[in-house]
Amino acid sequence: MTFPSAIDLKTETILTAAWAGFAAYGFRKTSMDDIARRAGMSRPAVYLHFKNKEAIFRALVARYYQETEAGIRIALLQEVGLAEKLNQAFAAHGGDSMEEMMSSAHGMELFEATMSVAGDMIEEGEERLCGLYFTWLQEAASKGELRLSGAPEEMARLFCVCLKGVKHNSSSFAQYQAGVAGYARLCAQALGPR
């Protein structure tokens, strides 16, 4: 599966409206009428772009992984200290929507909907993110910028698994940010050059 790369203006308007509706009312209670109203469009016009709200939700997941992948790539190229580089990459891993999701009264429902509606996309997206970390770890270690205590594949997977753990065990966005920053510092200490 590949994620679409270009989103037209009407599609973007629908996605923005849908995300606002999902954050405000949850996935189950947000209807296509709600989305159309928020987008300033008729319901039939929304149906020209998406067959249902599940398709809209999947498009939001695709956009999340596109933006997240770009953010991680940029962060790992920064000329900053290792802890700051990892903090930026790990913060990008959460994406821009993390604060809205964690602040929403329907955040847990949105997490659950993501898995039930777009589980296949999440699996592929997480593999791509792990691949970014793997490539970076491998290249940085070969340049002597890092010391690896395990295989780069294992380290990359550990990054992704631990970041999920931070997300699922944080009760607020502030706690999530603190957990990400702490995990970045811990990884930087373990991976710092010899």
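The values are calculated or read from the model by the stated rules, or taken from the named source; none is laboratory data. For clarity, every value in this text was computed on a predicted model and none was experimentally measured. With ideal geometry, Cβ positions are generated from the backbone for all residues, glycine too; neighbour counts draw on all protein chains shown.
Listed conditions (1) within 18 Å of the chain's Cα centre (by Cα); (2) hydrophobic (A, V, I, L, M, F, W, C); (3) within 18 Å of residue 118 (Cα to Cα) are all met by residue 50, apart from (1).
Within region 59-109, restricting attention to residues that are of a type in the set (A, V, I, L, M) and touching a Cys at 6+ places or on another chain (Cβ under 9 Å), which residue is farthest from residue 163 (Cα to Cα)?
As a first pass, look at region 59-109 and keep what is of a type in the set (A, V, I, L, M): 59-62, 70, 72, 74-77, 80, 82-83, 86, 89, 91-92, 98, 101-102, 105, 108.
When the remaining residues are screened for being touching a Cys at 6+ places or on another chain (Cβ under 9 Å), the result is 82-83, 86.
Values: 82: 17, 83: 15, 86: 12 Å.
So, considering only residues that are of a type in the set (A, V, I, L, M) and touching a Cys at 6+ places or on another chain (Cβ under 9 Å), the one farthest from residue 163 (Cα to Cα) is 82.
Among helices (runs of 4 or more DSSP H) entirely within region 15-87, having at least 3 residues that are basic (Lys, Arg) singles out 53-77.
Among the residues in region 121-134, are any part of a loop (DSSP other than H, G, I, E, B), farther than 29 Å from residue 55 by Cβ, out of contact with any Ser or Thr (no Cβ under 6 Å at 6 or more places or on another chain) and at pLDDT 90 or above?
Filtering region 121-134 down to residues part of a loop (DSSP other than H, G, I, E, B) leaves none.
No, because not a single residue in region 121-134 is part of a loop (DSSP other than H, G, I, E, B), farther than 29 Å from residue 55 by Cβ, out of contact with any Ser or Thr (no Cβ under 6 Å at 6 or more places or on another chain) and at pLDDT 90 or above.
If the requirement is being crowded, with 18+ Cβ neighbours inside 10 Å and within 16 Å of the chain's Cα centre (by Cα), which of these qualifies: 137, 110? Testing whether each residue is crowded, with 18+ Cβ neighbours inside 10 Å and within 16 Å of the chain's Cα centre (by Cα) leaves just 110.
Just to be sure, is residue 113 part of a helix (DSSP H, G or I), small (Gly, Ala, Ser) and at pLDDT below 90? So residue 113 fits the description; yes.
Counting only residues that are touching a residue at least 60 places away in the same chain (Cβ under 8 Å) and either more than 23 Å from residue 150 (Cα to Cα) or out of contact with any helix residue (DSSP H, G or I) (no Cβ under 9 Å at 6 or more places or on another chain) (or both), which one in region 172-187 is surrounded by the fewest Cβ atoms within 10 Å (Cβ to Cβ)? Ranking the candidates gives 172 first.
Looking only at region 113-134, filter to residues that are within 22 Å of residue 74 (Cβ to Cβ) and free of Cβ contacts under 8 Å to residues at least 24 places away in the same chain; which one of those is surrounded by the fewest Cβ atoms within 10 Å (Cβ to Cβ)? For region 113-134, the residue satisfying everything is 127.
Results for (1) over 30 Å from residue 87 (Cα atoms); (2) surrounded by fewer than 16 Cβ atoms within 10 Å (Cβ to Cβ), shown as yes or no for each residue.
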residue: 22; (1), (2): no, no
residue: 25; (1), (2): yes, no
residue: 32; (1), (2): yes, no
residue: 36; (1), (2): yes, no
residue: 48; (1), (2): yes, yes
residue: 51; (1), (2): yes, yes
residue: 58; (1), (2): no, no
residue: 70; (1), (2): no, yes
